[in-house]
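What follows is a single structure, written as structure tokens, with notes after it.
The values are calculated or read from the model by the stated rules, or taken from the named source; none is laboratory data. Quick caveat, the model's predicted, so the values are computed rather than measured. Because the Cβ atoms are built from the backbone with ideal geometry, glycine has one as well, and the counts that use them run over all protein chains shown.
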Amino acid sequence: MRRQSKSEKEVLIDTISAEVSELENRLGWRGLSDEVLAALRQVPRDQFVAKENRYRAWENHPLSIGYQQTISQPFIVAIMTQLLHPEKNHRVLEVGTGCGYQAAVLSCLVEQVYSVEVIPALTQESELRLKNLGYNNISLRCGDGYSGWPERAPFDGIIVTAGTEMVPAPLISQLKVGGRMVIPVGPTHESQMLKVLTKVDEHSVDIEDIIPVVFVPFVRSTD
Ligand code: SAH
């Protein structure tokens with residue numbers, strides 16, 4: 001009897017897991033947790049890209065989503081999600097909704113996701129997409145994520161998905177003590193360092209450098 005070949009999704013999961021194993025020492029863990037793997041399997045990445053890109057949705061690459069923005073590489077989504085240490089009762093803030101994929105992955109793992117996007121059209125498209133796909137624990141807002149979302153703070157975790165030269169101070173204020181922030185920091189048109197900040201107490205953070213990454217630039221709104 002012929003063995004059924006693996007689905008594209010399972011091939012992607014294997015690829016991501018292999019890449020995580022290679023970086024075991026940098027990441028500090030042996031593999032992705034069962035919860036993160038389940039979330040990656042559950043979210044239909046093909047529904048977050050334009051029809052003409054669907055055939056590439058299960059490749060381990062970023063893809064264009066228009067407006068000069070991208071859907072992040074699945075490997076990066078996987079490790080950023082795990083680095084955040086999401087828990088069922090967490091309220092998490094994302095800065096840089098884009099197409100809403102990372103928000104959807106997080107929504108499988110935490111109680112409530114808040115996500116801010118600076119481009120109005122992307123916010124509207126993602127709002128509709130997430131609603132149609134049945135995600136009901138994600139709140140979106142259009143605006144400059146530099147300021148976070150003060151009305152919904154404090155957050156157990158904050159994830160920034162655009163490359164920023166400095167960690168925005170309001171985001172540190174909006175993080176709970178003991179909370180973690182995962183953020184790419186560095187020159188916005190080159191590569192950045194993916195960092196994990198842990199808020200130790202009201203006045204100090206611990207900073208850990210993870211791996212070099214390349215994100216689209218964090219853009220300050222002029223409104
Ligand atoms: N999280 C996305 C990837 C987003 S790409 C995913 O799941 O695939 C980065 C996004 O950050 C872009 O949509 C960009 O418009 C947005 N962005 C850039 N600067 C921002 C800012 N200051 N505030 C909020 N969003 C910002």
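Values computed for the structure shown
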| quantity | calculated |
| --- | --- |
| Residues (surrounded by fewer than 20 Cβ atoms within 10 Å (Cβ to Cβ) and either more than 20 Å from P154 (Cβ to Cβ) or acidic (D, E) (or both)) located in the stretch 76-108 | E87, C108 |
| Strands (runs of 3 or more DSSP E) fully within the stretch 112-161 counting 1 or more residues that are surrounded by fewer than 21 Cβ atoms within 10 Å (Cβ to Cβ) and within 11 Å of the ligand (Cβ to nearest atom) | 138-142 |
| Residue in the stretch 94-115 that is nearest to R45 (Cα to Cα), counting only those that are within 12 Å of the chain's Cα centre (by Cα) and β-branched (V, I, T) | V105 |
| Selection count, the stretch 95-111, where residues are in contact with an Asp or Glu (Cβ under 9 Å, 6 or more places away or on another chain) and within 11 Å of the ligand (Cβ to nearest atom) | 9 |
| Which listed residue is under 15 Å from the mean Cα position of the chain (by Cα), at pLDDT 95 or above and not charged (D, E, K, R), from V167, V200, V160 | V160 |
| Residue ID - surrounded by the most Cβ atoms within 10 Å (Cβ to Cβ), chosen from residues in the stretch 56-74 that are more than 12 Å from the ligand (Cβ to nearest atom) and under 17 Å from S17 (Cα atoms) | W58 |
| Residue match in the stretch 38-55 (condition: touching a residue at least 40 places away in the same chain (Cβ under 8 Å), within 15 Å of the ligand (Cβ to nearest atom) and in contact with a strand residue (DSSP E or B) (Cβ under 7 Å, 6 or more places away or on another chain)) | yes |
| Residues within the stretch 167-194 that are free of Cβ contacts under 8 Å to residues at least 40 places away in the same chain, closer than 21 Å to T97 by Cβ and hydrophobic (A, V, I, L, M, F, W, C), tallied | 6 |
| Condition check for A169: more than 11 Å from the ligand (Cβ to nearest atom) and loosely packed, with under 13 Cβ neighbours inside 10 Å | yes |
